[in-house]
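Just below is one structure, and these are the notes that go with it.
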Amino acid sequence: SALRAYAFDGHGPAALLERLNGFQLGLGRGGMATVALVSVDPAAGEACYATAGHPPALLMGPDGDVTWLRDANGVPLGVVDDPCYTEVSSAIEPGSTLVLYTDGLVETRGEHLDEGFARLERAVLDGPAELDALCDAVLEHTLADPDVDDDVTLVVLRTTSAREPRVELSI
């Protein structure tokens, strides 16, 4: 609810993370949370993003080129009083696929995290075009242990057309 309220005020991803960090600290419960925020403007062909300790989003262009959105790293929410979050913009062409996920999808105890990222990238590159089927394929080929104790969330967004700037979303 805090995120929604701050977003309605028109703040970008980095400013939203700063406000969410203050909210988290104001709860007085301790703890931390990782977050990735992406604002997509299909008409402008731009994705603006910022992260707070969260794994990077994967962006696959319509030609199959993959980019990991790693340039906006910040500390998790609740770790420091006055964090500085960076906001970065990236081009997102019509027909691009943006993949956001929680760490439970790519992390496996005793395995280097890069192996989970590689599984995710292969699953997206080799997956079917239809979004729901792509989500199923990503889960099947990326999740090393289906009985993982960690949370697993997957959000896939695809921009569709330069003439009709809109997005398709599958969760």
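Data table
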quantity: Efficiency of FRET from Cβ geometry, residue 93 and residue 147, R₀ 35 Å, rounded to 0.05; calculated: 0.40
quantity: Shape box of region 1-71 [Cα atoms, principal axes, largest first, Å]; calculated: 47, 25, 17
quantity: Heavy-atom accessible surface of region 105-147: percent carbon and sulfur, 1.4 Å; calculated: 48 percent
quantity: Net charge dipole size for the chain [Lys, Arg +1 and Asp, Glu -1 on Cβ; Debye, nearest 20]; calculated: 540 debye
quantity: Quarter of Cα convex hull surface for region 55-122, i.e. mean projection, nm²; calculated: 5.7 nm²
quantity: Net charge contributed by nearby residues that have their C-beta within less than 15 Å of residue 22 (K/R +1, D/E -1); calculated: -2
quantity: Solvent-accessible area per residue for the chain (1.4 angstrom probe, square angstrom); calculated: 54 Å²
quantity: Stretchable slack from residue 132 to residue 68, in nm (0.36 nm times residue separation minus alpha-carbon distance); calculated: 20.9 nm
quantity: Calculated from backbone phi, Karplus (6.51, -1.76, 1.60) coupling profile of region 7-22 in Hz, x at Gly/Pro; calculated: 5, 5, 6, x, 6, x, x, 5, 5, 4, 5, 4, 5, 5, 4, x
quantity: DSSP-assigned coil residues among GluC sites (Glu not before Pro) in region 99-164, each with at most 14 further Cβ atoms within 10 Å; calculated: 111, 130
quantity: Centroid-to-centroid separation of region 1-43 and region 102-153 [C-alpha atoms, Å]; calculated: 25 Å
quantity: Percent carbon-and-sulfur accessible area, region 1-49, ignoring ligands, DNA and RNA, probe 1.4 Å; calculated: 51 percent
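The values are calculated or read from the model by the stated rules, or taken from the named source; none is laboratory data. Quick caveat: nothing in here was measured; it's all calculated off a predicted structure. Virtual Cβ from ideal backbone geometry, glycine too; neighbours counted across all protein chains shown. Ligands, DNA and RNA are stripped out before the accessible areas are found, and what is left, the full protein with its side chains, is counted by its heavy atoms. Shrake-Rupley method; radii C 1.70, N 1.55, O 1.52, S 1.80 Å.
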